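The values are calculated or read from the model by the stated rules, or taken from the named source; none is laboratory data. Treat the numbers as computed from the prediction; the structure is a model and nothing was measured. No Cβ is skipped: glycine too gets one built from the backbone with ideal geometry, and neighbour counts run over all protein chains shown.
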Amino acid sequence: MSPGVVKMQKMLLSSLIVQTFVHGMMLGVPNILFIYTIYFGSNFEVGAYVSFICLTFHGFLSTIAMIIFTKPIQNGISEIFHFVVEKLLKVGRCKSSYVSE
């Protein structure tokens, strides 16, 4: 394999490890708290709120981790962002020159 392919595979593997850790923490901790509550009858209300927040935001955090740790996705998002900003600036310049006349 070429060095570029090996580098890409290492990057994707590190991204996968981080995403696995995010899912493990954001889904594992609430499930452990729920199982603990069922077996021991705890009324740990803050734990229920934390569990709910973890379950709610695990997809968002996984997406953020994917964007941060995967270079091709970063490049694609930055390209889209630059395109949108460029279009907005062109529209802004056209409107401002039209108004000033």
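Structure summary
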| item | result |
| --- | --- |
| Check on residue 12, at pLDDT below 90, under 30 Å from residue 78 (Cβ atoms) and outside the structural domain of residue 77 (by TED's automatic domain parsing) | yes |
| Check on residue 41, at pLDDT below 85, over 30 Å from residue 5 (Cβ atoms) and touching a helix residue (DSSP H, G or I) at 6+ places or on another chain (Cβ under 8 Å) | no |
| Single condition residue 56 does not satisfy, out of (1) modelled with pLDDT of 90 or more; (2) surrounded by 14 or more Cβ atoms within 10 Å (Cβ to Cβ) | (2) |
| Residue pairs meeting the criteria (Cβ under 7 Å; at least 6 apart or on separate chains; first closer than 20 Å to residue 57 by Cβ, in the range 9-26; second outside any helix (DSSP H, G or I) and not small (Gly, Ala, Ser)) | 15/70 |
| Check on residue 66, at pLDDT 90 or above, within 21 Å of the chain's Cα centre (by Cα) and surrounded by 13 or more Cβ atoms within 10 Å (Cβ to Cβ) | no |
| Test set (1) out of contact with any His (no Cβ under 7 Å at 6 or more places or on another chain); (2) at negative phi - residue 41 fails condition number | (2) |
| Of the criteria (1) assigned to a helix (DSSP H, G or I); (2) exposed (fewer than 12 other Cβ atoms within 10 Å of the Cβ), which one residue 43 fails | (1) |
